[in-house]
Every structure is written in C-alpha cells, then in structure tokens.
1. Looking at (1) surrounded by fewer than 22 Cβ atoms within 10 Å (Cβ to Cβ); (2) part of a strand (DSSP E or B); (3) in contact with a Phe, Trp or Tyr (Cβ under 6 Å, 6 or more places away or on another chain), can you tell me which one Ala14 breaks?
2. Go over the candidates Ala218, Ala195 one by one and state the one that is open to solvent by less than 20 Å² (accessible area, probe 1.4 Å), assigned to a helix (DSSP H, G or I) and modelled with pLDDT under 95.
3. Restricting attention to the stretch 79-96, which residues are open to solvent by 10 Å² or more (accessible area, probe 1.4 Å) and either of a type in the set (Ser, Thr, Tyr) or farther than 22 Å from Lys44 by Cα (or both)?
4. Being in contact with a strand residue (DSSP E or B) (Cβ under 8 Å, 6 or more places away or on another chain) and not hydrophobic (A, V, I, L, M, F, W, C) is the filter here; which residues of the stretch 373-394 pass it?
5. Assuming Tyr78 fulfils every condition listed in (1) over 21 Å from the mean Cα position of the chain (by Cα); (2) in a strand (DSSP E or B); (3) under 17 Å from Phe117 (Cβ atoms) apart from one, which condition is it?
6. Might you let me know whether the stretch 174-182 holds any residue that is of a type in the set (Asp, Glu), farther than 28 Å from Leu251 by Cα and assigned to a helix (DSSP H, G or I)?
7. Exactly one condition in (1) open to solvent by 20 Å² or more (accessible area, probe 1.4 Å); (2) modelled with pLDDT of 70 or more; (3) among the hydrophobic types (A, V, I, L, M, F, W, C) is false for Phe320; which is it?
8. Kindly check whether there is at least one residue in the stretch 36-51 that is over 28 Å from Trp375 (Cβ atoms) and open to solvent by 10 Å² or more (accessible area, probe 1.4 Å).
Amino acid sequence: MSSIAARYRNNVAAVIMDADGYVLLGRKKESSRYRHFPQGGVGKKELLEEALWRELQEEVGLSSQGLRIVSQLAGLRYDYRKKNKKKKDWDGQEQTYYFIRCEGRRPVVSCDDSPEFALLEWVHYRELTPEMFVPFKRCVVEQVLAFFFPDTAENVDEHLLSLNVAVHYEFSEESVLENYAPTDRTFFAGGKQDALVQMADLKERIRAAQKKCDSLCASLGMPKPRTLVLLHDAELVSKRRLNCLRRIAELFDPLLTEVQKPEDMAALSCDGQYLSPCLSRLIPRAGETLVTATSVYQLFGLYPDCVDFVEHVADFEQMFYAEDTCVLKFYLNITPEQSAHSSADFSWRRDDVQEVMRATSSAFPWYIVPAEKKWYRDFVIASIVAQSLEKRLQHLEKALPHT
C-alpha cells in the first residue's frame, strides 16, 4: 500500500433503508442540525462486513437479522478537520458505503448505549440533501446520494437492483455488447492504491467461502463443490488474460484450487474433433476451483462455419448446471485503442463475440468486465466471485439440520 493510502483510516458506513423508503440517520447531539450515516473504523483483522455489523450493533442497536446488503460503493475519502484527535495518525478516512434494505418498516433502533449518537431518526430518501450533513463530509455524501438515489431513477427498487455488481455486468440473451463501457468504474470512487484494501478483503472472503463450502458438503454427505472461473477476451493468445489469471488465481485457497495457464486452442483442435479435447480441460475435479484462461469459446473464431459449435458448448454448460457446478465466465472488455495496439495474430469480430455469448448465456451468464484499468477489472471479478461463492454457502447452510 502506498504511503498516501496508508494515511487514510479504513472505514465502513451504512445507508439503511426500510420498506417505505425511509433512511436511518443519527445526530451527535439532539440540538445538532447535522446528520450522519452510521459508520466506524475497521479493525486490523476484521473483514469490512464484519466491521459493518459490529458498528451497527454498537451505534444503533441493529443486528444483521432482517437486513440485507444490496450494494456497495468503495474508495470514498474525506479529510479530518484539524482539531480531530485522530489527525495525528491519519489524514482522514477511506470509506466503503453499504446499502442495506430492511425486510419491513422501520426496525427498532436504539442509541441508549451508542458512543456516537444522541438521536436517531428516519428520513425519506427523497428528502436527503448534502446540506443535512457536516460540511467536511459533503464531498462524500454527494457521491453516495448520487449513486444510490440519482434524480434520474424513476423506480428506486429497480435502480438498486442494477447496483448489484453481478447484475450490473451480467450479459443476457438480449444484451448488446456495445452497451458495456470498457472504461466504466461504477462501483469504485477511488484509484488503484485505494483498491488494495478491497482486494485484501475480497481475498479473505473468497478463501473463507471455499473452505466453508468444502467442509459443509462433507458434513452433509454431499458431493464436494466444483467451480470453474473462466477468463476470456477477443484474442487467441493474450498477455492480458495471463496477467489477469495471475492476479485472480492469488485470491483463492491454493489447496482447493487449480490454475490452468492459457493454451492455444488452435494447437488443441484436430480434424473437426476439436471440441472434445478442449472441453475436457474445463472440468474441475471434485472439491476444486479451476481458474483458467484457456477458453473454448474462441474456437468459434477459428471455425465460424461449424454450425454445431454453439450447440455443443451449450450442452456442455447444461451438464455443468445439472451437476451443480458453479461456472463464472468473464469477458475482458477493452477499449478500441487497446485492441489496436495488441500484437495478437487473431481477434474476433465483436459481432461474433456477441453471437456466441448470447447463445451460451442460458445456463450460466457471461459477465462483461471493464478492463481498461487492470485494478478495476480485478476488483469486479473478485467481487462477483466472492458474491457467488457466498451465495452457494448460504444455500448449503440452509440445508443443515436444525437442532
């Protein structure tokens, strides 16, 4: 971490909205005209979400029961005022804001034992303005309100659904590739050095989910989980994919993971029987996560006249789906300028890319990852992987016998 990033204290904050659209705010003093979102520092050995739930319990008396994290915005910074006692250790705070929905109307909250708030109140989201918050935090609040409650959003629930990182970058059978910007950085307000905090947190979440899923499957007598993480772009042999493979592979538990280096699909194909040897390389062993940059999908560019290609691959994915294998497919989306400077001998036409992704999105969706900035590319992939593994873990936990 750079010395600049180290001068900012890691912090989590919560935008908590109930079923009627009211958001929880607190005041330091009952007479104060300024409000604050619940927030707090992250301990050295804490995950961000662990710190979030701890702070909510301490400051407003809320547990995670009946609450659901919908989205988050990371990389936000503000500087402390000169009189702040923490100024001697940090310049300010680097924040990750979590948007949390309540199952019902205004859950019971309390600031009786709160070290931060003397008064709690629920304010409708349409009434929130930056001027309600202390001046030195308004630069952050403006970004938070614009992200979660933009004036252009006619339906806040539909807008919040789109702020799920997986939903935001998912490609469906009706999607258009041109609508995905390689330069997009929706979910991160900071820069490369700021992202290191998030990546460290995501690494811990991914490894914890791997281990817990493996353990739960064993205790339930279920087949050990299989996961395939596939990195793909529009080139046959790509340094970009190799770089991404190295970064993403580091996120996983090495004892439960196999990493497969990129292979030239043309070298593996033979006399029209090219699919079998290539597809066999994409099957993870039981209990294993296979992270690979060898993409069978690029064979379509080599054999565009093979009418059975897409059907064969789609059937292969359906086999994965039937066996409850988690397949995560990431397309690294680059700018035309980056593509023009590529030294690759072969690249797809974007129409071909779009055709194949549409035809192979029924069992498992593609995720179109903005790859103009490598650090943001890695952040998006890691976020979707963590979310997917934790979702699987939740399903396994529901299968546990109740005692």
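The values are calculated or read from the model by the stated rules, or taken from the named source; none is laboratory data. It should be emphasised that the depicted structure is a prediction, and the values quoted were computed from it without experimental measurement. With ideal geometry, Cβ positions are generated from the backbone for all residues, glycine too; neighbour counts draw on all protein chains shown. Only protein heavy atoms, including side chains, enter the accessible area calculation; ligands, DNA and RNA are left aside. Shrake-Rupley method; radii C 1.70, N 1.55, O 1.52, S 1.80 Å.
1. Checking Ala14 against (1) surrounded by fewer than 22 Cβ atoms within 10 Å (Cβ to Cβ); (2) part of a strand (DSSP E or B); (3) in contact with a Phe, Trp or Tyr (Cβ under 6 Å, 6 or more places away or on another chain), the one that fails is (1).
2. Working: Ala218 fails: open to solvent by less than 20 Å² (accessible area, probe 1.4 Å).
Just one listed residue meets the conditions, Ala195.
3. Within the stretch 79-96, Tyr80, Arg81, Lys82, Lys83 qualify.
4. Going through the stretch 373-394, the residues in contact with a strand residue (DSSP E or B) (Cβ under 8 Å, 6 or more places away or on another chain) turn out to be 376-377, 379-381, 384-385, 388-389, 392.
Hits for the stretch 373-394 are Tyr376, Arg377, Ser388, Arg392.
5. Single failed check for Tyr78: (3).
6. Of the residues in the stretch 174-182, the ones of a type in the set (Asp, Glu) are 174, 178.
Filter once more, so that each one left must be farther than 28 Å from Leu251 by Cα: 174, 178.
Now drop any that are not assigned to a helix (DSSP H, G or I), which leaves 178.
Yes, some residue in the stretch 174-182 is of a type in the set (Asp, Glu), farther than 28 Å from Leu251 by Cα and assigned to a helix (DSSP H, G or I).
7. Failing condition for Phe320: (1).
8. Kept after step one, since they are over 28 Å from Trp375 (Cβ atoms), are these residues of the stretch 36-51: 36, 38.
Keeping just the survivors that are open to solvent by 10 Å² or more (accessible area, probe 1.4 Å) gives 36.
Yes, there is a match, as at least one residue in the stretch 36-51 is over 28 Å from Trp375 (Cβ atoms) and open to solvent by 10 Å² or more (accessible area, probe 1.4 Å).
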